[in-house]
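Some notes on the structure that comes next.
The values are calculated or read from the model by the stated rules, or taken from the named source; none is laboratory data. In this text, all values refer to a predicted model and were calculated from it rather than measured experimentally. As a convention, Cβ positions derive from the backbone with ideal geometry for all residues, glycine included, and neighbour counts pool all protein chains shown. What goes into the accessible areas is simple: the full protein's heavy atoms, side chains included, and nothing from ligands, DNA or RNA. Shrake-Rupley method; radii C 1.70, N 1.55, O 1.52, S 1.80 Å.
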Amino acid sequence: MSKVVTLKAFFEEARSGRLTGIRCGRCGEIAIPPKEFCPACQERAWEPVPLDGHGTIASFTVIRVPPRGRAEEAPYAVAVVKLDEGVSLLGRILDIPLDALKVGMPVRFRPLIRDEQTVVAFGPSQ
Amino acid sequence: MRRVAVIGVGVTKFGKHERTCAELFAEAAADAIQDAGVSPRAIQALYYGNVVGGEGERQLHMGPLAASVLGIPTVPTTRFETACATSHAAFRHAVMEIAAGVSDVVLVGGAERVLNLPTDAATEYFAYASDAIFEQPTGITFPGVFALIARAHMAKYGTTEEQMAHVAVKNHRHGALNPKAQFQKEITLEQVMKSAKVADPLKLYDCCPFTDGGAALVVVSEEVARKSRKPVWILSSAAASDSMFLHEKKDLSRVLATERAAQAAYRQGGRGPQDVDVVELHDCFTIAEIVATEGLGFFEPGTGGIAAEKGWTSLGGKLPVNPSGGLKAKGHPIGATGAAQVAEIVTQLRREAGPRQVDGAKVGLVHTLGGNTATVLVSLLSSE
Ligand SMILES: [Zn+2]
């Protein structure tokens with residue numbers, strides 16, 4: 001029996017500070033939900049698995065020309081973070097000076113809450 | 001499968017226009033039909049590409065609108081959208097329709113109009129080509145996606161901002177030779193390096209502009225092509241995808257969909273990278289050209305920056321890339337781009353490119369990338 005983690009459930013958990021992944025019951029592949037078939041082995045046997053939120057920056061950028069409605073926030077950094085469990089997430093960087101950012105820097109998940117919206121974000125690892 | 005050829009091309013001037021997408025497409029399409037020497041009545045289908053018309057013009061159902069403005073309102077139409085690869089995807093489907101024997105004459109193309117919109121609105125609409133739940137809320141932009149790729153390529157291979165700047169200088173030099181280009185002015189390395197930061201490490205001159213424009217192609221069966229002036233044959237047209245999610249990209253320094261589409265196009269076309277004489281590829285950002293020249297098999301991984309720096313991809317170099325000026329200087333009306341790239345290769349293979357002609361070009365490659373590198377199309381064309 002596959003347990004699908006919906007986007008709604010993922011972001012409700014994320015809002016409370018917890019990241020949820022899914023693990024393939026056949027091959028052990030870990031993925032970010034939502035997903036039906038395992039991209040690695042094509043099985044449909046996911047189980048939810050908690051992700052502890054620690055990872056390192058795989059790549060980052062500083063956005064200086066933002067989309068509409070984000071002028072006051074710019075400049076801000078966005079990074080792809082490789083989590084210790086092996087999966088990655090894109091997120092906003094919080095509370096790290098822009099000129100201190102480096103590929104390989106350790107960071108830790110925390111939610112960025114904007115009204116009804118929950119955004120994946122990462123702050124200092126400590 | 002039947003052989004397929006392009007017998008007519010049309011491209012509007014790229015830049016700012018006070019006309020709707022349908023008007024821009026119709027001008028290019030009328031030029032393409034006249035270039036092909038066929039009657040508008042001969043068109044059996046229209047495959048039309050547009051990306052942000054729904055947001056920018058509050059216009060959907062744009063296929064029949066484009067056909068109506070062109071003056072062939074009873075032709076069956078379909079609208080395509082695969083972000084920036086839109087009209088190359090339309091082209092591939094037209095090729096398949098003719099190869100399969102369903103039609104003999106198909107009109108393909110696209111248009112985009114964004115310069116009438118505020119820049120932050122256009123930036124927002126283009127960002128819709130990234131995932132709406134995980135990615136757009138982080139404030140990532142289109143330049144931001146390619147900045148992530150640039151940073152990964154720099155960290156892995158030592159690619160430099162100067163090498164990226166060389167791509168911009170080269171494509172502006174080419175664009176200065178193209179009367180349809182948005183920018184027909186050369187720029188210096190220093191201008192690129194000193195331009196304002198957009199999404200570190202990308203600067204303004206690393207980025208293609210927002211552009212209005214239209215492009216169209218008349219794609220036909222061998223039987224029709226044999227009666228035409230200078231048919232250009234399609235050796236293959238392949239598509240590949242990669243995960244839509246940036247968090248699922250296996251290696252940010254590569255575009256895996258480019259590698260897969262190229263392998264399929266080479267295999268289907270019975271050619272390899274060493275057989276290609278001229279290339280139009282998707283340089284939405286300077287780093288995108290560097291990564292594409294590697295993924296298409298022209299240069300080893302990590303050496304695309306060196307190739308740009310040494311001038312190997314210039315007109316007169318060992319493999320001229322983007323003689324039209326590319327997206328960088330010719331401009332990037334996203335829904336029209338793929339068709340405009342095919343039009344340039346057809347023009348090159350007909351030896352009608354004037355001062356930007358690549359001498360002796362017989363085989364050309366077209367590469368178009370959609371959005372966050374999730375969609376790529378590669379087609380091979382030949383004058384023989
Ligand atoms: Zn599996």
> Given the conditions (1) of a type outside the set (D, E, K, R); (2) over 15 Å from B:His332 (Cα atoms); (3) open to solvent by less than 40 Å² (accessible area, probe 1.4 Å), and given that B:Ser87 satisfies all but one, which numbered condition is not satisfied?
Replying inline: (2)
> How about region A:42-61: which of its residues are more than 8 Å from chain B (Cβ to nearest Cβ) and open to solvent by less than 30 Å² (accessible area, probe 1.4 Å)?
Replying inline: A:Ala45, A:Trp46, A:Val49, A:Leu51, A:Gly53, A:Gly55, A:Ile57
> Which members of region A:3-32 meet the condition of being crowded, with 17+ Cβ neighbours inside 10 Å, more than 10 Å from the ligand (Cβ to nearest atom) and within 16 Å of B:Met244 (Cα to Cα)?
Replying inline: A:Ile32
>> Can you list residue pairs whose Cβ atoms sit under 6 Å apart, with the first residue in region B:86-101 being of a type in the set (Gly, Ala, Ser) and the second being surrounded by fewer than 19 Cβ atoms within 10 Å (Cβ to Cβ) and assigned to a helix (DSSP H, G or I)? Count only pairs 6 or more apart in sequence or on different chains.
In response: none
> Within region B:7-124, which strands (runs of 3 or more DSSP E) (wholly inside it) include 3 or more residues that are more than 19 Å from the chain's Cα centre (by Cα)?
Replying inline: none
> Checking A:Arg64 against (1) open to solvent by less than 60 Å² (accessible area, probe 1.4 Å); (2) touching a strand residue (DSSP E or B) at 6+ places or on another chain (Cβ under 9 Å); (3) closer than 22 Å to B:Asp206 by Cβ, which single condition isn't satisfied?
Replying inline: (1)
>> Of the conditions (1) hydrophobic (A, V, I, L, M, F, W, C); (2) more than 14 Å from chain A (Cβ to nearest Cβ); (3) part of a helix (DSSP H, G or I), B:Ala152 satisfies every one except a single condition; which number is it?
In response: (2)
> Taking region A:97-116 as the search range and keeping residues that are closer than 20 Å to B:Ala155 by Cα and surrounded by 16 or more Cβ atoms within 10 Å (Cβ to Cβ), which one is nearest to the other protein chains (Cβ to nearest Cβ)?
Replying inline: A:Val103
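For region A:10-23, what are the residues that are touching a strand residue (DSSP E or B) at 6+ places or on another chain (Cβ under 7 Å) and of a type outside the set (S, T, N, Q)?
Listed by number, the residues that qualify are A:Phe10, A:Phe11, A:Glu13, A:Ala14, A:Arg15, A:Gly17, A:Arg18, A:Leu19, A:Gly21, A:Ile22, A:Arg23.
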> Can you name the strands (runs of 3 or more DSSP E) wholly within region A:27-93 that have at least 2 residues being under 12 Å from the mean Cα position of the chain (by Cα)?
Replying inline: A:54-63, A:76-83, A:88-93
>> Restricting to region B:187-196, name every residue that is out of contact with any Asp or Glu (no Cβ under 9 Å at 6 or more places or on another chain) and crowded, with 18+ Cβ neighbours inside 10 Å.
In response: B:Ile187
> Quick one: which of B:Gln184, B:Gln191, B:Gln136, B:Gln163 is within 14 Å of chain A (Cβ to nearest Cβ), over 17 Å from the mean Cα position of the chain (by Cα) and not acidic (Asp, Glu)?
Replying inline: B:Gln136
> When region B:209-251 is examined, which residues are found to be open to solvent by 20 Å² or more (accessible area, probe 1.4 Å), more than 14 Å from chain A (Cβ to nearest Cβ) and in contact with a Leu (Cβ under 8 Å, 6 or more places away or on another chain)?
Replying inline: B:Ile234, B:Leu235, B:Ala239
>> Kindly evaluate A:Ala74 against the criterion of being more than 15 Å from the ligand (Cβ to nearest atom), open to solvent by 20 Å² or more (accessible area, probe 1.4 Å), at pLDDT 95 or above and within 28 Å of B:Ala147 (Cα to Cα).
In response: yes
